[in-house]
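The values are calculated or read from the model by the stated rules, or taken from the named source; none is laboratory data. This structure is a prediction, so every number in the text was calculated from the model and none was measured. Glycine also receives a Cβ, built like all others from the backbone with ideal geometry; neighbour counts cover every protein chain displayed.
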Amino acid sequence: MTNSPDRPADSRDRPIAAAAPDMELLRHYEPVIRFTQGEQFFPMDVVRYVQDCSLWAHYPNGRDELLVGQDDLTIDTLVETRPAAFGTVHYLRFIENLSLTESADMLTRQLRLRGRLRNSFHPGLGRLARGGLLPRVVDALFSLSFLLRGRVPAASAAAAELDYFHMRAKRESFTYYGRVVRQNHWTVLQYWFFYCYNNWRSGFGGVNDHESDWETISVHLYETDGQLVPEWVAYASHDYHGDDLRRRWDDTGQVDLEDGHPVVYAGAGSHASYFRKGEYQAEVDLNLPAWLESAGRIWNTFWTQMLGQQPADPFHIPFVDYARGDGLAIGPGHSRNWSPILIDEGVSWVSRYRGLWGLFARDPISGENAPGGPMYNRDGTPRNAWYDPLGFAGLDKVPPPPEVLRLLENNCADLTDRQARLNTVIPEKAGELQSLGIRLRSMEGNPHLAKQHTAMQRRMNALAEEVRGYRREYSENAATLESLNSRLERQRRGVRDNARTHIRHLAMPSRTTRRRFDRVGEAWAAISLSLLLFAIVGLLFLARRYLGAGLAVITILFVVIESILRRAFVQTVSELTALLAIIACAILVIHFWYWLIVGALVSVALFLLLQRLRELTG
Amino acid sequence: MQQRKKVWTKKRPIAVTIVALGILVLFIVRLVQVFHPLLRMNVFENGLGRPLADGLRLTALGAAVLTSAVYLLASLIGMVVLIGFLRVRRWAWVVLMAWTGSSLAVGLIDYFYSNPNYLVMASNAVIALALNQVEVQRIFQIRIEPDDQLARPSG
């Protein structure tokens, strides 16, 4: 790709006057969001949401108190200062507690509504069929963990869906909150999207549900000749941080543009933002203890390097984020357009409400608790994306293109100056060192000069170290200068870096096309774990004497069937055999350790003997 | 096909030789197991004069002959796999690995039921570890390095 360093704007860029008002800037690059068929919640106005909520406080003693009821809560009452003890959590509540009959009623009405709207979701290749048996066991444990953890009640999603539907029916509007930040020669356009509910778990087999959801994307522009030109675009997404969040505007393989507006593919229910449409395998961070993670790393090193296997990741739970982009599209050029609202720290609900924007579900790992606002984390601390939008996208270390040339030239000039200085200093110091050396040699053989000799020796050693340091610095500077000059020359010729070199982990959608055995594989994935447990129960009843052997045979059988259905037979057989070989080796070591030591000693003795004899005979 | 032969002749990893020797050891063990039941029933002295089956049930002689036949079949399959292995065929690697895995599983179950055969267990462990060497997996085309997604040119 060749371009001038501050590349001329092409049709994709649509530059805009740097002096344009903030709202005009935001509208100029506002995104198009493409949702997945079956999505029920879309970006909305927080004022309407707050009017439908009540405000609560959760105290450290476990008590919850209603602070403002649903009829009295407005944005103004929300932001009132409410002193509270450490550990108190303020939170909104969109859906009130539902009785059993109300829950049943909500679920029935939800079904009826979906039938009427014909907006249902088809999962395609089931998520359980995308992982192996072990991840499925971990997944089962994760599901069971909801019995112990706090969670959003099951009918809440249905009630939220109905409430939101009625809000939309009254007045349909799709809101984003825009913010313009100018930092380090960059102009950052931040777009914040508020959803009243995240139904990823209950609606799409995902990790969590929670009331309210805040998502963000940002466009990063630089100024050239009084015009702002887009250079990067960053989308917040699960599992990715810093550099991995952003793509270069001209990376056509990664950034979809519609008339110069970036396209966001929103995850169904999760509303996470993706650059490419597709289905993404999400990973759940299980927060394992450090010693277990270290043990896992050591095992993986042994497993991959000594046994030649693929890295093992047993705790990869197969949750899928569906960002198909086949549903509603909001943004320029579509039937549904944005109602933008400009925000900054001066907007009261942005800066003065530090509580949660939905139910505090008392989930210790926070997955089911509602998020904080755009400016704050769940615990009320400032949100990184708000106070450091450049660092959030890993851009804090990246200058805008027009600055690159100047910074490179400055760096080169500084280093050249330093090299010139070293060119003078090194010969001076080296000469001084030689002079000291000759003086020291002259003192040798004169016992009465012993004290002076020792002092001078010390001085000479220090000077020698200094000269070595200068020479090392000169050599390192020369290498750095060479690379700087080479980069400078490339920049002057207009050669740009590869648009993806900064990305460490590239989010790639998984395959969605069906293959042979997929149906069988899905059925197997759904029933295999229960079948395994039934088989173990059968073994306990019918052949308890052979429990050990039976368990081994059943497990191996299940793993082999699994591998055939997932077209991973060769890899699985290889892994199983390697595992059995390790067990066999351990048994052999336990039984024959004495003979192994004897054998090793004899081998070493023979090796040394042969070596020495070879030396002896020349 | 031609290239595989070339690889074999030029870059034969030591692990492949170890596996071939392991197969030979197992072949010899299996051959002993072929003749052992027949020797126990004095078949070589008395011949197969007595009946092999009594109705639907096997006689002691029948069971011995069947056991020998199974071991003979196993030995023959082992030899075919050895030939395939020496000719660097992918299927030979897969069959050998599956065979070794099954054999190890049976060996371990036998061990836990106080009937260990350490020689077979050790040979199988050596074969399994040797077959899993990265170099061996490569020449048998089991391991194919994934393409670097990030190296793709951008637009």
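Overview of results
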item: Residue within segment A:502-516 that is in the same structural domain as A:Arg566 (by TED's automatic domain parsing), surrounded by 13 or more Cβ atoms within 10 Å (Cβ to Cβ) and under 38 Å from the mean Cα position of the chain (by Cα) present; result: no
item: Members of segment A:245-269 that are more than 11 Å from chain B (Cβ to nearest Cβ), over 15 Å from A:Met508 (Cα atoms) and not hydrophobic (A, V, I, L, M, F, W, C); result: A:Glu258, A:Asp259, A:Gly260, A:His261, A:Pro262, A:Gly269
item: Residue check, A:Asp163 at pLDDT below 90 and either more than 14 Å from every other protein chain (Cβ to nearest Cβ) or assigned to a strand (DSSP E or B) (or both); result: no
item: Helices (runs of 4 or more DSSP H) contained entirely in segment B:16-117, each with at least 2 residues that are of a type in the set (Phe, Trp, Tyr); result: B:60-86, B:90-112
item: Residues of segment A:372-421 that turn out to be under 20 Å from A:His241 (Cβ atoms) and of a type outside the set (A, V, I, L, M, F, W, C), as a count; result: 17
item: Residues that are free of Cβ contacts under 8 Å to residues at least 40 places away in the same chain, of a type in the set (A, V, I, L, M) and over 13 Å from B:Val136 (Cβ atoms), drawn from segment B:73-99; result: B:Leu73, B:Leu76, B:Ile77, B:Val80, B:Ile83, B:Val95, B:Ala98
item: Residue identified as farther than 24 Å from A:Ala17 by Cα, surrounded by 23 or more Cβ atoms within 10 Å (Cβ to Cβ), in the same structural domain as A:Asp52 (by TED's automatic domain parsing) and among the hydroxyl-bearing types (Ser, Thr, Tyr) among A:Tyr240, A:Tyr235; result: A:Tyr235
item: Breaking point among (1) within 14 Å of chain B (Cβ to nearest Cβ); (2) at pLDDT 80 or above, for A:Met306; result: (2)
item: Filter result (modelled with pLDDT of 95 or more and not hydroxyl-bearing (Ser, Thr, Tyr)) within segment A:190-205; result: A:Gln190, A:Trp192, A:Phe193, A:Phe194
item: Strands (runs of 3 or more DSSP E) within segment A:205-269 that include 2 or more residues without any contact (Cβ under 8 Å) to a residue 60 or more places away in the chain; result: A:227-235
item: Count of segment A:165-192 residues which are surrounded by 14 or more Cβ atoms within 10 Å (Cβ to Cβ) and more than 21 Å from A:Thr216 (Cα to Cα); result: 3
item: Flag if A:Gly346 is part of a loop (DSSP other than H, G, I, E, B), at pLDDT 85 or above and closer than 18 Å to A:Glu30 by Cα; result: no
item: Residue check for B:Gly55: more than 13 Å from chain A (Cβ to nearest Cβ) and in contact with a Phe, Trp or Tyr (Cβ under 8 Å, 6 or more places away or on another chain); result: no
item: Flag for B:Ala125 being hydrophobic (A, V, I, L, M, F, W, C), under 16 Å from the mean Cα position of the chain (by Cα) and surrounded by 19 or more Cβ atoms within 10 Å (Cβ to Cβ); result: yes
item: A:Gly367 under 30 Å from A:Ile343 (Cβ atoms) and either without any contact (Cβ under 8 Å) to a residue 40 or more places away in the chain or in a loop (DSSP other than H, G, I, E, B) (or both); result: yes
item: Flag for A:Ala549 being touching a Leu at 6+ places or on another chain (Cβ under 7 Å), farther than 25 Å from A:Pro123 by Cβ and surrounded by 16 or more Cβ atoms within 10 Å (Cβ to Cβ); result: no
item: Residue that is nearest to A:Gln309 (Cα to Cα), among those in segment B:82-107 that are in contact with a Leu (Cβ under 8 Å, 6 or more places away or on another chain) and facing chain A (nearest Cβ under 7 Å); result: B:Met97
item: Enumeration of residues in segment A:432-467 that are loosely packed, with under 12 Cβ neighbours inside 10 Å and under 30 Å from A:Cys412 (Cα atoms); result: A:Glu465
item: Residues that are of a type in the set (Gly, Ala, Ser) and more than 7 Å from every other protein chain (Cβ to nearest Cβ), drawn from segment B:108-147; result: B:Ser114, B:Ser123, B:Ala130
item: Conditions (1) of a type outside the set (S, T, N, Q); (2) within 30 Å of A:Val347 (Cβ to Cβ); (3) modelled with pLDDT of 90 or more: number failed by A:Glu409; result: (2)
item: Test for A:Ala525: is it at pLDDT 80 or above and surrounded by 16 or more Cβ atoms within 10 Å (Cβ to Cβ); result: no
